[in-house]
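A short write-up of the structure that comes next.
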Amino acid sequence: MSGRSRAAVLLAAVLAFGAVLVPSAQAAPKVPKTAVLDGAALQRAKVRLDQGDPQLRRALRDLTARADTWLDRGPWTVVDKPKPAPGGDVHDYLSQAPYWWPTTAPTADNPWGCPYVQRDGQRNPEVDSGTDRQDVEKVFDSTYDLSLAWYYTGKAQYARKAGQILRTWFLDPATKMNPNLNHAQFIPCKYDGRAIGIIDFSQSYTSVVDAAAVLATGAPGWTSADRSGMARWNADFLGWLRGSDFGRQEGAAGNNHGTFYDMQLAALAYAVGDKDLARRTVLDARARRIDPQIAGDGSQPQELARTRSWHYSTFDLVAYTRLAAIGRHVGVDLWAYRGPEGQSMFKAVDYLLPAATGAAAWPHPELEFYRYAASDVVHAAADAGDAAARQAVPKLQAPPGGDVWALRPAAEQLDSIAG
């Protein structure tokens, strides 16, 4: 062998040895095709975490602490409730109106204690047993936490648990839920279901839509059949929302119910590929929602009339900020809109800032005030360019479980009164 040949062999050996010692550059994480969350922002956060960003590491500890609590819980299913929905199909979702109470003690002839009367803002504890409401909230929360924990850590147990929960509730023939809400928020002896029961899903189901999109980036155990199954369920549910009497009634609602309906409709449309419907829904929300619902000073009169005015003011803004996030994906800047009287989402958030930062008391009725309830919507406004909200962020009260906005930049209702 010539000297040149020996040198070439030696060089190749050195390079091969070096390749063993020096790891190759880590592949960039995939961008989830999320409907509400900004997939590109998730990707950037993942890269920063992989580089050891200390702030995000603290947020990740809070996120994984949440995810860890779900690993030995569930899965849940609609077929486990003690009695089926009024139609008799155990696969139909069932929930009970939370603010309706019996007027008499139950008897053999009147087992529910009918008639029922409404007590706004006062939750009847019996609604948390015997229906699907509590379990579906666990499905929404757990799959969101677990899918994000998997995306940021790569730990397979998070993804596999999220997949098991989603398959059990939505896909497995023996345990799946029918894609309708015909019996949501029924009132004993009065209604078998109500249109306003759609908010059981519209306030949180978009978290499931995004969780499935996160898992679709390559989560272990989440198969192509699972992806196709969730896409079909979403398409069927979207069809029910648009075509049912309950769906049309909820879409016509003028308060937070209408805002959440639009948000859910737009997210589902985007998820199933109907970007035109998603875009139209966000565009229509300007004159259809913001103009009549938000006053020129930023207050939300219909929400201020409630006994839980702080809760419902932040609640409605959760829907608005999430709808604006969907708009970002379809080329609509809902934050930039100004109504004929100066109405805007920025003004609505700014109206909350004195109470959100602790600078002033909330001047409206509220049965149970939690300052942290506004934290996410203030974060959303700050990210959208609101200078006042940006200055308020350091003064916000962290919600229970920590502030994970940096890893999950989409508003949640932090003071949930779902039970």
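The values are calculated or read from the model by the stated rules, or taken from the named source; none is laboratory data. As the structure is a computational prediction, the values presented were derived from the model and not from experiment. Here the Cβ positions follow ideal geometry from the backbone for every residue, glycine too, while neighbour counts run over all protein chains shown. When the accessible area is computed, the model is the full protein with side chains, heavy atoms only, and any ligands, DNA or RNA have been set aside. Shrake-Rupley method; radii C 1.70, N 1.55, O 1.52, S 1.80 Å.
Collect the residues in the stretch 266-302 that are over 16 Å from VAL318 (Cβ atoms) and of a type in the set (A, V, I, L, M), keeping them in residue-number order.
If the condition is that a residue be over 16 Å from VAL318 (Cβ atoms) and of a type in the set (A, V, I, L, M), then LEU268, ALA269, ALA271, VAL272, LEU277, ALA278, LEU283, ALA287, ALA295 are the ones that fit.
Please verify whether the stretch 310-321 includes one or more residues that are among the hydrophobic types (A, V, I, L, M, F, W, C), open to solvent by less than 20 Å² (accessible area, probe 1.4 Å) and touching a strand residue (DSSP E or B) at 6+ places or on another chain (Cβ under 6 Å).
The answer is yes; a qualifying residue exists.
Pick from the stretch 75-127 the residues that are aliphatic (A, V, I, L, M) and part of a strand (DSSP E or B): which of them is most open to solvent (accessible area, probe 1.4 Å)?
VAL117
Could you list, in sequence order, all residues of the stretch 300-309 that are buried (at least 24 other Cβ atoms within 10 Å of the Cβ) and among the small types (Gly, Ala, Ser)?
Across the stretch 300-309, there are no qualifying residues.
Pairs needed: first member in the stretch 172-191, in a loop (DSSP other than H, G, I, E, B); second member anywhere, acidic (Asp, Glu); C-beta distance under 6 Å; at least 6 residues apart or different chains.
ASN178/ASP92; PRO179/ASP236
Does LYS46 qualify as being out of contact with any His (no Cβ under 9 Å at 6 or more places or on another chain), open to solvent by less than 50 Å² (accessible area, probe 1.4 Å), modelled with pLDDT under 95 and among the charged types (D, E, K, R)?
no
Based on what the data block shows, is THR143 in a helix (DSSP H, G or I), in contact with a helix residue (DSSP H, G or I) (Cβ under 6 Å, 6 or more places away or on another chain) and among the polar types (S, T, N, Q)?
Yes, satisfied.
From ALA271, ALA267, grab the single residue that is closer than 30 Å to HIS91 by Cα, aliphatic (A, V, I, L, M) and open to solvent by 10 Å² or more (accessible area, probe 1.4 Å).
Every option except ALA271 fails the conditions.
Of all the helices (runs of 4 or more DSSP H) wholly in the stretch 203-312, which have at least 2 residues that are touching a helix residue (DSSP H, G or I) at 6+ places or on another chain (Cβ under 6 Å) and hydroxyl-bearing (Ser, Thr, Tyr)?
205-215, 256-271
Is the stretch 131-146 home to any residue that is surrounded by 15 or more Cβ atoms within 10 Å (Cβ to Cβ), of a type in the set (Phe, Trp, Tyr) and in contact with a strand residue (DSSP E or B) (Cβ under 8 Å, 6 or more places away or on another chain)?
no
For every residue, the table says whether it meets (1) touching a strand residue (DSSP E or B) at 6+ places or on another chain (Cβ under 7 Å); (2) at pLDDT 95 or above; (3) under 23 Å from LEU407 (Cα atoms); (4) surrounded by 17 or more Cβ atoms within 10 Å (Cβ to Cβ).
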{"site": "VAL209", "(1), (2), (3), (4)": "no, yes, yes, yes"}
{"site": "ALA213", "(1), (2), (3), (4)": "no, yes, yes, yes"}
{"site": "GLY218", "(1), (2), (3), (4)": "no, yes, yes, no"}
{"site": "ALA225", "(1), (2), (3), (4)": "no, yes, no, no"}
{"site": "GLY254", "(1), (2), (3), (4)": "no, no, no, no"}
{"site": "GLN293", "(1), (2), (3), (4)": "no, yes, no, yes"}
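Hey, any hits in the stretch 377-398 for a residue that's surrounded by fewer than 20 Cβ atoms within 10 Å (Cβ to Cβ), assigned to a loop (DSSP other than H, G, I, E, B) and without any contact (Cβ under 8 Å) to a residue 24 or more places away in the chain?
no
Could you tell me which residue of the stretch 169-207 is farthest from the chain's Cα centre (by Cα), considering only residues that are charged (D, E, K, R), modelled with pLDDT of 95 or more and farther than 19 Å from GLY243 by Cα?
Step by step, filter the stretch 169-207, then rank; the result is ASP172.
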